[in-house]
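Got a structure for you, questions after.
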Amino acid sequence: MENGVFSYCFYEGRSMREIVEMLQTQDSIPLIMPSVQSSPLHKMENPSLLSLLRHTSGEKRSKAAGGFFRMFKLFPLLTSGCKMVALLGRPRKGLLANKATTGTFFGNRRGRVSLAIQEDPQCLPIFVLELPMLTSALHKEMASDLVRIAIESENKTNKKKLMEEFIWAVYCNGRKMGYSIRRMQMSDDELHVMQLLRGVSMGGGVLPSPSEKEGADGELTYMRARFERVVGSKDSEALYMINPDGTGGPELSIFFVRGQ
């Protein structure tokens, strides 16, 4: 990176699969995969998630067998792991209004990854959470083509709106990664990232680091995409990544739910 300009900031015309592969392989600092502690799988028991079930449509896959085997990959998630993975399917009728939104994952390669959700890239995020997992670990999960991130508030009252809850348990593909606290106010580094990405609607790459963190934690990377937003109830909603080419690429879904 020179003069504060992206070394590669946007893979125009690339599929999301290619973007993920580039994030994994284009390293000026070797990619290190420290182990991430996760808890044993747990039985799912939250009924509010069922309203957001969605199955992979045949239109997304060029081969029926590929889609068939992907359905088998869902079965362990539906019987174990995070309660929220029961969200995996097409929503039923009676949902609230749906709309597209912008989701951004960013963080230093050997540091923790953060998630920011915006109604529009030009606006400040409505939700920011530093996830209890490494950026490099997320890149590795994305390479598997199927990523389900479930974010659960264990607060059983509904005095706040769902996205206004503070403490969240985070699961990735059925494994509990730990707990996070929603940002009340963005840090200077997070504001730096949002400012740099104001003109980017989707893509991935490396950003100029705002501090000395790059030397210790590796390059500052990001991946941004548009998501279909589905609200199931006041206690559950989901974001389904929209692949720009409409065909192949990782399937990434993010689920928010309040404990029942």
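What single numbered condition from (1) modelled with pLDDT of 90 or more; (2) touching a His at 6+ places or on another chain (Cβ under 9 Å) fails to hold for Pro210?
Single failed check for Pro210: (1).
While we're on this one: Between a first residue in segment 116-145 that is surrounded by 18 or more Cβ atoms within 10 Å (Cβ to Cβ) and among the small types (Gly, Ala, Ser) and a second residue that is modelled with pLDDT of 95 or more and in a strand (DSSP E or B), which pairs have beta carbons less than 6 Å apart while being 6 or more apart in sequence or on different chains?
Filtered contacts from segment 116-145: Ala116/Thr104; Ala116/Val128.
Another question, then. From the residues in segment 213-229 that are touching a Lys or Arg at 6+ places or on another chain (Cβ under 8 Å) and not charged (D, E, K, R), which one is modelled with the lowest pLDDT?
Restricting to residues being touching a Lys or Arg at 6+ places or on another chain (Cβ under 8 Å) and not charged (D, E, K, R), the top hit is Ala216.
Would you confirm whether any residue within segment 161-168 is of a type in the set (Phe, Trp, Tyr), surrounded by fewer than 17 Cβ atoms within 10 Å (Cβ to Cβ) and closer than 26 Å to Lys99 by Cβ?
The answer is yes; a qualifying residue exists.
As an exercise: evaluate Ala150 against (1) surrounded by fewer than 22 Cβ atoms within 10 Å (Cβ to Cβ); (2) under 17 Å from Arg229 (Cβ atoms) and give the number of the one condition it does not meet.
For Ala150, the failing item is (1).
The values are calculated or read from the model by the stated rules, or taken from the named source; none is laboratory data. The structure presented is a predicted model; accordingly, all values stated were derived computationally and were not measured. Virtual Cβ from ideal backbone geometry, glycine too; neighbours counted across all protein chains shown.
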